[in-house]
1. Only residues that are part of a loop (DSSP other than H, G, I, E, B), farther than 17 Å from residue A:288 by Cα and in contact with a Gly (Cβ under 9 Å, 6 or more places away or on another chain): list them for segment A:165-198, please.
2. Could you check segment A:183-203 and list, in sequence order, the residues that are modelled with pLDDT of 95 or more, among the hydrophobic types (A, V, I, L, M, F, W, C) and buried (at least 19 other Cβ atoms within 10 Å of the Cβ)?
3. Counting just the residues of segment A:9-61 that are within 11 Å of DNA strand D (Cβ to nearest atom) and basic (Lys, Arg), which one comes out nearest to residue A:305 (Cα to Cα)?
4. Given B:173, B:112, B:146, B:150, which one is under 18 Å from residue B:316 (Cα atoms), of a type outside the set (Asp, Glu) and surrounded by 23 or more Cβ atoms within 10 Å (Cβ to Cβ)?
5. Report yes if some residue within segment B:84-99 is over 25 Å from residue A:293 (Cα atoms), in a helix (DSSP H, G or I) and within 16 Å of DNA strand C (Cβ to nearest atom); otherwise report no.
6. Please work out which residue is nearest to residue A:53 (Cα to Cα), limiting yourself to segment B:103-126 and to residues that are within 13 Å of chain A (Cβ to nearest Cβ) and in a strand (DSSP E or B).
7. Go through (1) in contact with a Lys or Arg (Cβ under 9 Å, 6 or more places away or on another chain); (2) assigned to a loop (DSSP other than H, G, I, E, B); (3) crowded, with 17+ Cβ neighbours inside 10 Å for residue A:265 and report which single condition fails.
8. Take residue B:202 and tell me if it is without any contact (Cβ under 8 Å) to a residue 40 or more places away in the chain and closer than 30 Å to residue A:256 by Cα.
Number of protein chains: 2
Amino acid sequence: MEKRAVTIKDVARRVGVSVSTVSRVLNHSSYVSSETEQLVLNAIEELHFAPNQIARGFVNKKTSTIGLIIPDVSNPFFSDVARGVEDYAIIDGFATILCNSDWRSEREAMYLDLLRGRWVEGVIIVGSRSSAADLTRAIGSVPYVLVERLMVGSAPSVWTDNRRGGALATSHLYEIGCRTFAHISGPPDSPSATERRKGFLDVMRRESVTAYEIFEGDYRVQSGLDIGQRIFANGKAPEGIFAANDLMAIGVMQAAAQAGVRIPEDVAVIGYDNIAPTDYTSPSLSTIDQPGYEMGRVALSILLKRLREPHTATAEQIEFEPRLMARNSTRKAP
Amino acid sequence: MEKRAVTIKDVARRVGVSVSTVSRVLNHSSYVSSETEQLVLNAIEELHFAPNQIARGFVNKKTSTIGLIIPDVSNPFFSDVARGVEDYAIIDGFATILCNSDWRSEREAMYLDLLRGRWVEGVIIVGSRSSAADLTRAIGSVPYVLVERLMVGSAPSVWTDNRRGGALATSHLYEIGCRTFAHISGPPDSPSATERRKGFLDVMRRESVTAYEIFEGDYRVQSGLDIGQRIFANGKAPEGIFAANDLMAIGVMQAAAQAGVRIPEDVAVIGYDNIAPTDYTSPSLSTIDQPGYEMGRVALSILLKRLREPHTATAEQIEFEPRLMARNSTRKAP
DNA sequence: GTGGCCTCTGGAAACGGTTCCAGAAAAGTG
DNA sequence: CACTTTTCTGGAACCGTTTCCAGAGGCCAC
């Protein structure tokens, strides 16, 4: 049953030539006469031979595999990033190992171990919360690129200025006339979440607003719903709510619908990420755009560049612009 | 710079023992005195040694890696499946290689080649359109499980009865009073799409309806939008529209909003998959539920079972129930 | 004609583990 | 005490590929 796979030896034997020769035609690495080359090629075809990548990777320490650690594929923003990474990785023949960290550092460390054991050539880590020290310890000497996480000075990364994005969202609420606010933040140790909160506070300070409250969410719909219910329960809802991501904003909108609170007439709501569903909600959800697919693509290209030129030690850091997408959830009737 | 990783030899040398002995303590495969074991364990700790999985996989032909081929991670249904697969794969120490086929057989075949070259132990293929013959040729002797694709008699698979689901959706439209229909189908060679269309036609025949039309979409929002615009343009819209997936249904709803067509008063719309955003649309979108996460989980467990017991040739085929989720897009005012 | 440079080829080592084999020491058995 | 059995250990082959080394011709130049 377990019919042994056909190896380079089989094709060598078939042609009556040495394995080195076959290897040479495989890699075009040295002189091979065109007639033996043709014979070998024919044999490869006939025997249906495909070189064993494991053995290959074993000898030249190249696995053509990268790791992708994201918090959660079922979050549309991250699945966009994943798609961006994978689409371009495959072009260069790289396979992508998918890891869901659930924003937990232990899981991240566990995956990093797993990936290292598999000799991935590089890793893209999205939304990491780990400290710089923990990260470098866990990752060893494997090249990596961070997404949505700026590490001071050192690591190559792709991100948007979350603080500015948070300020953008909050300013927008202020400009349409809101004077009392709530912010639903992401997980407390998530770098992007703390930056967005800072952006929110920047505007509070700049406009000398003191009537605000901050709630702690976890970037999931459910937490937006829960917090929304609490906010709308006491009948004293703020005029503007900035949720640190779209999923929580959607949760808030559901809570509002349940409580009979009208958006945007009674409360304006804005999210963050610009995931596809924000366009389908009722009303459509204002948000801050982060180009997930593009960020994934760029992260991958930086990683590949590092792999090809390991000695150019410049840590590329690419910043994307957060862009306001004003939709109906913040469109007050005049 | 490229500091060589520490190998089994290094720890052997350190303890003054042979590599075989170290290998034995690593795998508990044979007698080792408890004191040498302790010494080896210490050395492993001190040197920070981690066995090279590539080398390991090379000798015992076990890579602890599986492949996951899905049409598109950024489609919420498939990202749910992906999450279900990965969550449980990692428990057994399996890494998951992510592949996006875009529903194209050539890409599927290309990925299959890639995965085979990497000696994945098994593959889960979601929504394949390839013929049975093509599939078995491309996949060789690698165990696999199909999701959303029932192959007559042979392959292990996890699916819902799409024909019944299609009928369920269509019956629902009929029951709420629709008498003229449109169906927006998925890509023509997608098995799930053709089954859903059959289910639609079953009901048309059963109820002797002739006033229906079928449009061909591609499972993306845009195609739903395009087709919706065409449908609503001529002013002669059907009473009920069954879109073969939720994304296209969302596109139809957008087209309706643009054209000033009210849902459900003027037209009832139902989708398929029950992806999360169906709950946030306005009105909320009726659909047929397919438990993506659960299907991924089960597919993985079947695959692992196959890997552990390669000689039990029973092809497990697990069927999930399609369930009607009646929401507001089909709730006619009485 | 002798030497040197291409072109082509095969042999063998190496990568980092696992596993089989054999032998030595220790322990048990009559 | 002679024997078998069990426990422990090292040596070596092996997995499938790449790559280094060396050698054999062929061709050209001097």
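1. Keep residues of segment A:165-198 that are part of a loop (DSSP other than H, G, I, E, B), which gives A:176-180, A:186-190.
Filter once more, keeping what is farther than 17 Å from residue A:288 by Cα: A:177-180, A:187-190.
Scanning segment A:165-198 gives A:177, A:178, A:179, A:180, A:187, A:190.
2. Those that are modelled with pLDDT of 95 or more, among the hydrophobic types (A, V, I, L, M, F, W, C) and buried (at least 19 other Cβ atoms within 10 Å of the Cβ): A:184, A:200, A:203.
3. Once the filter is applied, the top-ranked residue is A:61.
4. On the way: B:173 fails: under 18 Å from residue B:316 (Cα atoms); B:112 fails: under 18 Å from residue B:316 (Cα atoms); B:150 fails: surrounded by 23 or more Cβ atoms within 10 Å (Cβ to Cβ).
Exactly one of B:173, B:112, B:146, B:150 is under 18 Å from residue B:316 (Cα atoms), of a type outside the set (Asp, Glu) and surrounded by 23 or more Cβ atoms within 10 Å (Cβ to Cβ), namely B:146.
5. If we filter segment B:84-99 for residues that are over 25 Å from residue A:293 (Cα atoms), which is where we start, we get B:88-94.
Okay, now just the ones that are also in a helix (DSSP H, G or I), so B:88-91.
Subsequent filtering for residues that are within 16 Å of DNA strand C (Cβ to nearest atom) retains none.
No, there is no match, as no residue in segment B:84-99 is over 25 Å from residue A:293 (Cα atoms), in a helix (DSSP H, G or I) and within 16 Å of DNA strand C (Cβ to nearest atom).
6. Once the filter is applied, the top-ranked residue is B:123.
7. Of everything listed in (1) in contact with a Lys or Arg (Cβ under 9 Å, 6 or more places away or on another chain); (2) assigned to a loop (DSSP other than H, G, I, E, B); (3) crowded, with 17+ Cβ neighbours inside 10 Å, residue A:265 misses just condition (3).
8. Details: without any contact (Cβ under 8 Å) to a residue 40 or more places away in the chain: yes; closer than 30 Å to residue A:256 by Cα: no.
So residue B:202 fails the test.
The values are calculated or read from the model by the stated rules, or taken from the named source; none is laboratory data. Since the structure is predicted, the reported quantities are computational estimates derived from the model, not experimental observations. We place every Cβ from the backbone using ideal geometry, glycine too, and count neighbours over all the protein chains shown.
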